[in-house]
1. Ignoring solvent entirely, what values of log10 I(q)/I(0) come out of the Debye formula for the stretch 194-258 at 0.12, 0.17, 0.20 Å⁻¹ when each Cα is a single scatterer?
2. Using the Cα centre of the stretch 89-257 as origin and beta-carbon charges of +1 (Lys, Arg) and -1 (Asp, Glu), tell me which of S205, F155, Y173 is placed farthest towards the positive end of the dipole.
3. Calculate how large, on average over all directions, the projected area of the Cα convex hull of the stretch 89-257 is; give the answer in nm² to one decimal.
4. Which order do peptides 189-199, 213-223, 153-163, 241-251 fall in by mean Cβ count within 10 Å, highest first?
5. Taking the Cα centroid of the stretch 135-155 and of the stretch 217-268, what is the distance between the two, rounded to the nearest whole Å?
6. Mind listing the long-range amide H neighbours of T51? Cut-off is under 5 Å, sequence gap 5 or more, other chains count too, H placed in the peptide plane at 1.01 Å from N.
7. Sticking with the crude label model, points 7 Å out along Cα→Cβ, report the distance from T140 to E165 in nm, one decimal please.
8. Could you derive backbone 3J(HN,Hα) for the stretch 111-117 from the dihedral phi with the Karplus parameters 6.51, -1.76 and 1.60 (θ = phi - 60°), listing whole Hz in sequence and x where the residue is Gly or Pro?
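None of the figures in this text is laboratory data; all of them are computed from the coordinates on show. Computed from a predicted structure; not experimentally measured. Because the Cβ atoms are built from the backbone with ideal geometry, glycine has one as well, and the counts that use them run over all protein chains shown.
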Amino acid sequence: MTSGSSESISQGSEKDGIRALHGDNVSRGAEGTRPQERVVRSISAEGEYVTIGDQTFRRSEFVNIFASDLDEETYRRRPKSKKLANPIPLGLASFSFCCLTLSLCNARVRGVTNNNLLISAFMFFGGAIELFAGLLCFCTGDTYAMTVFSSFGGFWICWGCINIEQFGVARAYADDPEMLSSIQGFFLAGWTVFTFLVMICSMKSTWGLFLLLFFLDLTFLMLCIGTFISNVNVLMAGGYFGILSSCCGWYSLYCAIASPSNSYVPLVAYPMPDAGLV
């Protein structure tokens, strides 16, 4: 075979290789065959995986690929991620305080029934601070804690407004006390349902959180029934259940902030059966 035919076969093989590599991206113009650049039409990321076109990569692979293009000085100057504080203890503190003090009044401990002094705590510590803790949970990506703390923050603000004379709630029902009891029962019934739902969603967390919501649900239920039937003993039972709920909240709060680095007596937040990482 002559050298001319060998060269033509070699050139033909190269063209076939280009066509096989680029597929339909090869354009033929008047100036000859020229491959076009491949166009990536979609890029998506999910967890530690990044999908480019029809191929999926790990994020760490990109670090390995581009690490050679960055020197040590560049890495040193990169901004370091800051760890956010945990807002859950703040929400537990505000809730447990207000739940304890209100429940002591509901249980008529030492004969106390007037809770006007606590209204400021309901509005600001139990309401504003707990709502703020819930919004901080939004920043940390904790949907459950955001929902629970923000909702109960709204509850304490509402409860404070109900007991503030300037809002005129009691005055609006002065001529019909029975209707006032019924509408308060409706209000408490709604919170009974909400607390039951979030309690069910805490069954794979810790015993402290689950029992907090369990006793709190009984608290709302007793207060709801006692308000409907105007029974003091049932209302007092709701107060005692509220005290138990607040004790579980205090325990969970201490477990969240105490550690061997700041306390000689750190406590353990015992997980429930089949519980994941909390």
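1. -0.32, -0.59, -0.74
2. So the residue furthest toward the plus end is S205.
3. Computing the convex hull of the Cα atoms and averaging its projections yields 9.5 nm².
4. 213-223, 241-251, 153-163, 189-199
5. 19 Å
6. For T51, the qualifying residues are S44, A45, E46, F57.
7. Inter-label distance under the simple model: 4.1 nm.
8. For the stretch 111-117, the Karplus curve yields x, 7, 10, 8, 10, 4, 5 Hz.
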